[in-house]
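Structure record follows, encoded as structure tokens.
The values are calculated or read from the model by the stated rules, or taken from the named source; none is laboratory data. These numbers come from a predicted model, not from an experiment. No Cβ is skipped: glycine too gets one built from the backbone with ideal geometry, and neighbour counts run over all protein chains shown.
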Amino acid sequence: MKSRIQSVERAASLLAAMQDGRWHSLGSLAAASGLAKTTAFNLVNSLAATGLAEHDPAAGAYRLGLGLLVYGRAVERRLDLMGDMRPVLLALCAETNETVNLAVPRPLDVLIVESLKGRQNVRVTSYAGTSAPYHSTAVGRAMLAHKPAAERRALLRINLPKPTPHTLTDADAIERLLAGVRRDGYAHEREETELGACCVAAPVLSATGVLLGAISVAGPVGRMGAATMARIGELLCRRLAPQATLAA
């Protein structure tokens with residue numbers, strides 16, 4: 001595992017050395033990245049083979065490849081989503097007076113990219129920029145329910161953390177919950193991530209059904225009874241009906 005991580009770090013250093021978009025010789029890439037020439041040669045040619053770099057054999061030079069546009073556009077869509085969803089987040093804060101979070105999917109967990117706190121003043125909370133598991137959070141379940149079955153099973157086969165005594169970690173039981181999410185349109189959890197806290201979430205889907213993220217409303221147990229959570233779930237479903245204006 002360590003050698004694999006080291007290879008990724010070395011490849012990243014080569015990409016960083018080419019970030020100006022210009023052509024670079026193998027020697028200059030090796031010097032800029034601090035790698036031996038043979039190591040730099042093997043890695044940069046692997047990057048070229050995957051489209052992440054381009055190679056000019058005649059000049060013996062390399063530059064960033066067009067394949068990076070695919071990944072850059074994916075990140076750009078995430079930023080677009082934050083802008084598109086901010087009015088929804090603000091409206092939900094005003095309607096519920098609770099904390100509202102926007103999360104996006106990652107391979108092994110979800111990332112909270114925006115978080116606004118209700119009650120007194122609407123302000124960003126410390127949750128923004130943090131990661132969360134799929135299996136025990138409302139935003140995670142809202143997204144997991146809309147992932148392909150094979151991907152869901154793979155995510156539920158890994159070691160699932162149990163941060164509280166209430167956290168559900170049985171894969172079959174979680175699958176049953178996810179079926180309910182697809183039926184009802186929203187997910188919920190009660191003290192499964194943090195004692196004393198509850199959360200309700202619904203997925204953000206494009207008009208073609210592509211999963212883009214999820215939005216949750218979180219609050220303390222004392223204010224989030226079953227009826228309140230159901231009402232918030234229905235509110236989220238209305239607010240997050242498949243977004244015709246959002247690109248997949």
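In the stretch 126-219, counting only helices (runs of 4 or more DSSP H) that sit wholly within it, the ones holding 3 or more residues that are closer than 25 Å to T99 by Cβ span 138-144, 171-184.
When the stretch 57-72 is limited to residues that are exposed (fewer than 12 other Cβ atoms within 10 Å of the Cβ) and of a type outside the set (G, A, S), the one that is modelled with the lowest pLDDT turns out to be V70.
Is it the case that the stretch 115-133 has a residue that's at pLDDT below 90 and touching a Phe, Trp or Tyr at 6+ places or on another chain (Cβ under 8 Å)? There is at least one residue in the stretch 115-133 that is at pLDDT below 90 and touching a Phe, Trp or Tyr at 6+ places or on another chain (Cβ under 8 Å).
Confirm whether D84 is at pLDDT below 90 and not β-branched (V, I, T). Judged against the criteria, D84 is a match. Between R22, R10, the distinction of being among the charged types (D, E, K, R), over 12 Å from G65 (Cβ atoms) and assigned to a helix (DSSP H, G or I) belongs to R10 only. Residues in the stretch 98-114 that are assigned to a loop (DSSP other than H, G, I, E, B) and modelled with pLDDT of 90 or more: E98 alone. The one condition from (1) under 16 Å from P148 (Cα atoms); (2) touching a helix residue (DSSP H, G or I) at 6+ places or on another chain (Cβ under 9 Å) that T208 does not meet is (2).
When G129 is tested against (1) in contact with a strand residue (DSSP E or B) (Cβ under 9 Å, 6 or more places away or on another chain); (2) surrounded by 12 or more Cβ atoms within 10 Å (Cβ to Cβ); (3) not basic (K, R), exactly one condition is not met: (2).
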